[in-house]
1. Examine the range B:552-570 for a residue that is in contact with a Pro (Cβ under 8 Å, 6 or more places away or on another chain), within 20 Å of B:Gln465 (Cβ to Cβ), in the same structural domain as B:Gln374 (by TED's automatic domain parsing) and open to solvent by 10 Å² or more (accessible area, probe 1.4 Å), and state whether such a residue exists.
2. Just to be sure I understand, how many residues within the range B:246-293 are assigned to a helix (DSSP H, G or I) and of a type in the set (Ser, Thr, Tyr)?
3. Would you mind finding the one in B:Leu433, B:Leu469 that is at the interface with chain A (Cβ under 9 Å from one of its Cβ atoms), open to solvent by less than 20 Å² (accessible area, probe 1.4 Å) and either closer than 30 Å to B:Lys519 by Cβ or small (Gly, Ala, Ser) (or both)?
4. Within the range A:71-107, track down each residue that is more than 7 Å from chain B (Cβ to nearest Cβ) and touching a residue at least 40 places away in the same chain (Cβ under 8 Å).
5. Can you tell me which residue within the range B:225-272, out of those that are of a type in the set (Lys, Arg) and open to solvent by 20 Å² or more (accessible area, probe 1.4 Å), is farthest from the other protein chains (Cβ to nearest Cβ)?
6. Can you tell me which residues in the range A:462-482 are more than 27 Å from the chain's Cα centre (by Cα) and not assigned by TED's automatic domain parsing to the domain that holds A:Glu572?
7. Does the range B:473-495 include one or more residues that are within 13 Å of chain A (Cβ to nearest Cβ), at negative phi, open to solvent by less than 70 Å² (accessible area, probe 1.4 Å) and touching a strand residue (DSSP E or B) at 6+ places or on another chain (Cβ under 8 Å)?
8. Please indicate, with yes or no, whether at least one residue in the range B:315-329 is within 14 Å of chain A (Cβ to nearest Cβ) and basic (Lys, Arg).
Amino acid sequence: MSQSSSDMPNKKKCRKKEKPPYSLMSNTAYTFREIWRNKKSVAITAILLIFLPPVLSLLYSLIPSLAVSLVEEGASDTRLVLVLCGVSLAAMALQIFNTVTGTQNEKYYLALNYTYLLKLNRKAMVVDYAYLESPHGQNMKSLALGNVNPNDTYGNSNAAVLPYRLISTFSGLIGLASYAAILAILNPLLIAVLLASSMIPYLLNQWFNKYCHERREEESALTRKLVYTTTTKSDLRLVKDAIFYKTANLLLSLYWKAVHGIVSLRQKHMRVGFFRVDIVSALLILLQNGAAYAILIYRVLVAGTLDPASFVFYFSVITGFAGWFQRFLYNLSAAQQNSRQFCDLRAYLDLPDRYSKQNDSAAPLPEDTWSVEFRDVSFRYPVEQKPGEETAETETQQELAPLVLNNVSFRIEKGEKLALVGLNGAGKTTLVKLLCGLLEPTEGMILINDRPLGDYDRDAYFKALSVVFQDIFLLPVTVRQNITLCPENKVDEEHLSWCLREADMESWIHELPQGLDTYLVKSVRDGAVDMSGGQKQKLALARALYKGGRMMILDEPTAALDPIAENKMYLEYDRLIGGNTALFISHRLSSTRFCDRILLLENGCVAESGTHDQLMTQGGKYADLFNIQAHYYREEAAANET
Amino acid sequence: MKRKKNQKPEGSRTFSQDFKLFCRGIGIVRRVSPGYLTLLLVRTFFNRLSPFINLYMSAFILTELLGEGCIDRLIKLVCITLVLDLMVYLIDYGMSRYINGGGRIFLFYQQFGIHNDMKMFALDYASIEDPETHRMFNRYQEMFTKMGAGLPTVVKGVVDTVGNLMTICFSIGIIAELLVLGVFSGGYGTSWINSIPAVIVICVLMVGLCVLRILFTSSSTQKSQQAVMDMLPFKRIFEFYTAEYVGNYHAGKDIRLYDQQDLIEQDMMSEYPRMLRAAGKMQNGMAAQRISESVIGGLSDLGIYLLVAGRAAAGAVGIGNILKYAQGIIRLTNAIAGILNTVSYVRARNECLAVLFEYLDLPNKMEQGDDKIQPDERGGYTFEFRNVSFQYPNTERYALENINLTFRSGERMAVVGMNGSGKTTLIKLLCRLYDPTEGEILLNGVNIRTLSYQDYLEVFSVVFQDFGLFALTLGQNVTMCESPDANQRQRAEECLRLAGFGDRLDAFPDGLDTYLYRKYDENGIEISGGEAQKIALARALYKSSPVLILDEPTAALDPVAEFEIYSQFDRIVGDRTAIFISHRLSSCRFCHDIAVFDDGHLVQRGSHEELLADTDGKYHELWYAQAQYYTEQETT
């Protein structure tokens, strides 16, 4: 693995973008394997669906010419009726079969589409967090998701319909071959003319798509502006600002600028498309029809080998030929495009995980309380390669991203309650992510009970932590499920009500229409409710308490609480934590008084550490910060005392 | 049919109601995007004409071939056909290139999108915040984005219907001869297929088939539209997870640490079987429709061919015209069926229009007077709340109850209280985002309801707790001008410096022309929450309104930045009236006057010292909840 990755850049350089990582064959195999596993009938009937459309269309072209020929030869009524009915009914029967089978398959493609989407979501939920968070990972994911968009069922941007495209390609090919065979009887030269008149417009269109594709940069900059102004102008969260600052005019004017910019760009392309593609295509159709008429008329009148009925039949075959040709080429290129999109999908699904997860050889987590140690931990985010840049050069002389944490060392003893303080941007949140095992240190190591974090099973480690993050996300399920995160029948109601009491949520829940069974997130389900910032924070605390992990990590858990609720939490902090090891992160220094020890983080380094009193006597950075915050309160106290 | 209509509310409109909705839709399309419909219809004309040219001309050619076979005349006919074809193709290609590739459709979508936005801009705040409005608009939006219903359906309806009417005219033109000649000449009864009873039977059967086909199609159109609606709940849930929960990497922390994968997957797929059933129904409906088209259509085609072939065999019409007549009749019946199909398609989707119009017709509840605002003799503004109570719409609880309060010009007032005590509501009433349920608010003794609303808004600069900045340039964010002039730029810079953003501004590569965030311009600069708050403050200062309102202005700031702002407070506010909402009481120290709210009531009012002296008061409780951690220090 490491070997192949070292010589990758060179390879990439010479055939960059040219070669997709998975071939059309491989993607075809992948998708049919998926289908075979889930629904064999779809795979089998797919073969029939290849042959039916050409047969059907031949039958349909036969009907008018049969009518002409029967009348011309003065056939008896009975024969006329029997022949026409026979052919029509046969066509109808086949058509019904084709529709029924096709529908069964289409139903399945939708399910297949969601199978892929579910796989992607599942992957995004388990992939290494570092990938998930990195712009590169996000980009890969949004590419993959955009390629299996279920709302775009038969558009070109849905890789899930690859099997459908392949079937259509083959049936186009067969239709093309059979029509060509018929025309070969008439005049092989005609096939050449038809091929030319279909091929040239196709090539021109290819050229035109490339022409537009090369110029898409211009439009994509405008599109970005358009998307931003479109979503922002109607963003209901900004309504109040819009009212007081009259933001609408500015946004609308920028919006129309983007719209008109896009329209004028497209009109420029349109002119090119019309003069270089459409006019030529129209002239070629003229040529094609002219040649067809010439040959047919020649055969009928001069050579005398063609009857008018055949004239009708051949003429419909000639017009049909171009249709098959287009169907073949269109579906072929769509299949290729789907296959390229499939590559994005599989690239994301095949992302390797670096961390040991559900590792059998992993050490069991310690049963007693934990100690935590950061030993010379440094962290920087990896530098992203911008797409399109030559990777070979940049890798060697890459600029490194700044260190977010620089050589951080500290220890939390068993059962100790540590407060981590620092200004915005000091690296507090990154430290939490490292401690949670979501990110891995660039240098140094983290030890739990003196054993490296990497030795433990990652998922088991996750299960043992209770964390309240600064940003809180609610699931669109019931309040009960949001807190317990387990199926209804496994909820420990007694424990739950204890958590609710501790998190001070009872009165809020009491006011809800369905109490604990009320759904959250209004935009998803009717009758659901949304929560205020303070309530969300309480819910997150309740969730952490319910989980009852071996270590508690609280990142700014009181930012949205009012002073009384905040104070209440401080007073009960000890009881909430129990005997567990805990980390409390805040930029409000008042909150650190109930912790055993304080760690001050500044610019990614541990600046000071000690108890409140120690640090105050030390008179360093912490004392400065404390005095700034205490300024107003203390002045008052002083005034009161006098 | 009738029973079904009762089951679903959206099917309960009468034909004339649907027709009215549709007509109003046409009116809006014509208004927001002038010329668009005409353009589409002209294109449709050529589009519909083109097959008839070939039918018509090839019949001539075939007749000539079967008849005299004069080469000169054949060449002339072929040339005419080819030239006509070429012209129609060029017009059709050119127009569709202009409409699709040239951005005309795109422009149309933008134009009517703006039309809906304009309504939102015009709505009063109370209606915008009303959950009912949200529900309504989201319902419309969902049908529009996920089904393409709404105005695009109107356009499609018009184009299809008019196009089919054109086809009907063309085909009648082409078979007119048959109707005259075919029926009356050539004689009947020479053979059974050509006997009058047989012809009548075939005709009756064909009409019957046509009716059957229409009935079948319209019921399956309705069913499949209903199925599309049934798929929406699943899509809503699934898309929420995909885009906003699993799709948001921030939530990825919770997913991993709280082992939410299974729960999410389960909830995400909870409506999946129902969606698949609905999708199956829809597909079945479409299949049934296609089968009925091919069976009924096939049978009626057969009948047409028999009829025409029969008439041709009798010599009533020329053999060369068989194809022309047969195709003419087939297209005629298809077009008739098409029109009726369009009607049921449009009616099934009309719910979207109904919701859209309901939204567009929302009245503005707020009274808007036109009296000019009169500052008092010293140029000041005094506000008075007189017995004001307020309930949010559709709630029982009073958010504020019987408030009496006066703000005087040039004062600094702090409004404090716990979460949910009514602080922010007070501000919303003062700024007239809402009108009081009871009581009145007076500005210099005049009820604010009688004042011009736009003028009234000019009195306030507000920094809300959940303020928003735009991903535009710094200068645009502060001035709200697209290209601020030198004067405006200078003032913007002053305000930014005053708000404590000076150092950061100096470090910005393009100064005021630097883009914030990367959503609009990819070279933008990311700013922190604290910096954003300073910019929002600068924007409020720039507006230079007499009253400045700050809602939790330092929530996102760390203690150092907070201290900076506080210590500059007097300079920042200048001679404005300032109202300050916070639950951090340290900030109250700049204010002459503090109003304490608790549970919707004004419980205390006075200076810091006065309020603190009342040891049983709410203020004392709030103050010591915070202060104890800092004041204990004194005693140690």
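The values are calculated or read from the model by the stated rules, or taken from the named source; none is laboratory data. Only a predicted model underlies this, so the values are computations on that prediction, with no experimental measurement involved. Every residue, glycine as well, gets a Cβ built from its backbone with ideal geometry; the counts of neighbours run over all protein chains shown. Keep in mind that these areas ignore ligands, DNA and RNA; they rest on the heavy atoms of the full protein, side chains included. Shrake-Rupley method; radii C 1.70, N 1.55, O 1.52, S 1.80 Å.
1. Looking for residues that are in contact with a Pro (Cβ under 8 Å, 6 or more places away or on another chain), within 20 Å of B:Gln465 (Cβ to Cβ), in the same structural domain as B:Gln374 (by TED's automatic domain parsing) and open to solvent by 10 Å² or more (accessible area, probe 1.4 Å), one finds at least one in the range B:552-570, hence yes.
2. Residues in the range B:246-293 being assigned to a helix (DSSP H, G or I) and of a type in the set (Ser, Thr, Tyr): 2 in total.
3. Answer to the selection: B:Leu433.
4. Scanning the range A:71-107 gives A:Leu94, A:Phe97, A:Asn98, A:Thr101, A:Gly102, A:Gln104, A:Asn105.
5. B:Lys235
6. A:Val479, A:Arg480
7. yes
8. Yes, that holds for at least one residue.
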